[in-house]
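For reference, the structure discussed in these notes is given below.
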Amino acid sequence: MNTVVSKRIISFGIAIAVLMLLPDTSTGQEITQQLTDFNSHRIDLNTKAMYVLAGWSVTNIAIGTLGYFSSSNSGSRKYFHQMNAAWNIVNLGIAGLALYQYGQAAPASFSFAESLSEAQSIENILMLNIGLNVGYIATGGYLWERGLRKNSDRLTEYGQSLILQGGFLLLFDSTLYLLNSTNNQQLQSIIEKISINGTQLSISIPL
């Protein structure tokens, strides 16, 4: 396992070095265009995902707020709506910040090293989020069960809300991880096509 990781790190290091030394040739221009296309798709993919998250958040905030203030103190879904609204204020903030950052990003401005760093970063963040989402669902189940035992509408409905929100985020983050992972494979194809004209040196890097 460590040997595979080491080879991958060495391969990426060689690829970065070669890319930095590539002359302004058709090969270099082709790789530059492929890198721009990769970053363009990466930014577009994650921008669309953040719009989905923002849409979910706004919907939950609107319905949750309306449901909370129109609910009676007992025998209602008051606390379920309260948690949905509060939870998605945070989600909306995250989506808004991400949309701002993606809006400022220029696909052609990323070097290979920066592209690789961004690709690895989003995968790591999504993997962390997936683990957290499972925790949210488990916590929701605990609160729901405890609320039933304690006859507490607050705990029961908070738990139900956490299960709903955690379930959505688990599906959202898992799908986004798979989409980003598929797109990130383009970096490997870029590495494998590295060549230097003039010396006719072709570098094929198995990963």
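Selection of segment 44-71 for residues being surrounded by fewer than 14 Cβ atoms within 10 Å (Cβ to Cβ) and polar (S, T, N, Q) yields THR59, SER70.
You will find that of THR199, THR175, THR182, the residue that is more than 20 Å from ARG42 (Cα to Cα) and either at pLDDT below 95 or assigned to a helix (DSSP H, G or I) (or both) is THR199 and no other.
Here's the yes/no breakdown for (1) closer than 30 Å to GLN101 by Cα; (2) among the basic types (Lys, Arg):
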site: ILE125; (1), (2): yes, no
site: ILE130; (1), (2): yes, no
site: ARG149; (1), (2): no, yes
site: TYR158; (1), (2): no, no
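Are any residues in segment 60-90 under 14 Å from GLN165 (Cβ atoms), free of Cβ contacts under 8 Å to residues at least 12 places away in the same chain and either hydroxyl-bearing (Ser, Thr, Tyr) or touching a Cys at 6+ places or on another chain (Cβ under 8 Å) (or both), and if so, which ones? Answer for segment 60-90, where residues must be under 14 Å from GLN165 (Cβ atoms), free of Cβ contacts under 8 Å to residues at least 12 places away in the same chain and either hydroxyl-bearing (Ser, Thr, Tyr) or touching a Cys at 6+ places or on another chain (Cβ under 8 Å) (or both): there is none. Close contacts from segment 143-166, counting a first residue that is under 14 Å from LYS78 (Cβ atoms) and a second that is outside any helix (DSSP H, G or I) and of a type in the set (D, E, K, R), with Cβ to Cβ under 7 Å and a gap of 6+ residues or different chains, come to GLU157/ARG77. Per the listing GLY135, GLY167, the residue uniquely surrounded by fewer than 18 Cβ atoms within 10 Å (Cβ to Cβ), at pLDDT 95 or above, within 22 Å of the chain's Cα centre (by Cα) and within 17 Å of LEU53 (Cα to Cα) is GLY167. Pairs meeting the criteria (first residue in segment 91-106 and closer than 17 Å to ILE61 by Cβ and in contact (Cβ under 8 Å) with a residue 12 or more places away in the chain, second residue hydrophobic (A, V, I, L, M, F, W, C) and surrounded by fewer than 17 Cβ atoms within 10 Å (Cβ to Cβ), beta carbons under 9 Å, at least 6 apart or on different chains) are LEU92/VAL58; ALA95/VAL52. For LEU66, indicate whether it is under 24 Å from TYR100 (Cβ atoms) and modelled with pLDDT of 80 or more. When the stated conditions are applied, LEU66 does not pass them.
Scanning segment 84-116 for residues that are surrounded by 14 or more Cβ atoms within 10 Å (Cβ to Cβ), of a type in the set (S, T, N, Q) and within 16 Å of the chain's Cα centre (by Cα) yields ASN91, SER115. If you go through segment 72-83 and keep only what is small (Gly, Ala, Ser) and surrounded by 13 or more Cβ atoms within 10 Å (Cβ to Cβ), you end up with just SER76.
The values are calculated or read from the model by the stated rules, or taken from the named source; none is laboratory data. Being a predicted model, the structure only gives us computed values, none of them experimental. Methodologically, a virtual Cβ is constructed for each residue, glycine included, from the backbone with ideal geometry; neighbour enumeration extends over all protein chains shown.
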